[in-house]
1. On the protein heavy atoms, probe 1.4 angstrom, tell me the percent of accessible surface of the chain carried by carbon and sulfur.
2. So for the chain, what are the equivalent ellipsoid semi-axes in whole Å, largest first, each being the square root of 5 times an eigenvalue of the Cα gyration tensor?
3. Using R₀ = 35 Å, calculate the FRET efficiency as 1/(1 + (r/R₀)^6) where r is the Cβ-Cβ separation of Ala169 and Glu32; round to 0.05.
4. Using a probe radius of 1.4 Å on heavy atoms only, what accessible surface per residue do you get for the chain? Whole Å² is fine.
Amino acid sequence: RVYKEGIERIPEAISIHRSMGFVFLDHGRYEEAIELFKKTIELDTNKDTRTAGLLLLALSHIDDINKPEYKEYHEIAMEQAKGASYAYAYLKNSEYYRAIGEYEKAIECCNLALEEKREKDTFFAYRHDAWQELAYVYFEMGDYAKSKECYEKAIDIFGHNQLFIDGVAKCEKKMSQES
């Protein structure tokens, strides 16, 4: 509701579209996430939000992202990957590499983000978002124990976060199914 109100009030607000898309992506509402990420890319004339990887990640859940109609998003994500030099950029690159199944590169990006202890304009001393992304990567790789560890590290930093708690539960369920 808050994001929808924000978009109604400021329809050109790039960060609102991207953030709302990210929430939908996290909750498996891929079609809605895709539309919001496309709008973000349309509004982002400087291409500095690094949203192409997120768009491809959402698309990968419902379509083959290697189709020709998605080529421009790959090009945008690859171009932006070249200029990564800070935690947010590394995490956006990880999302792209995760979308295309290059998990080792995604892990490298997360580790680079983890080397940065603190981002500007935040009170968190460590990168809970990097641990969350790393948890996603390991989960998709099928390494549920490592994924669970990453979610737990994110919880240690961030505190109560239902997405992280749900992530731990999903990992535990997968591990118990493997036993």
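1. After summing per-atom areas, the C and S share lands at 50 percent.
2. Working: eigenvalues 124, 72, 62 Å².
Taking √(5λ) for each Cα gyration eigenvalue gives 25, 19, 18 Å.
3. 0.90
4. I get 56 Å² per residue for this part.
The values are calculated or read from the model by the stated rules, or taken from the named source; none is laboratory data. Everything quoted here is computed from the prediction, not taken from an experiment. Cβ atoms come from the backbone with ideal geometry, glycine included; neighbour counts cover every protein chain shown. Quick note on the areas: whole protein, heavy atoms, side chains included, nothing else; ligands and nucleic acids left out. Shrake-Rupley method; radii C 1.70, N 1.55, O 1.52, S 1.80 Å.
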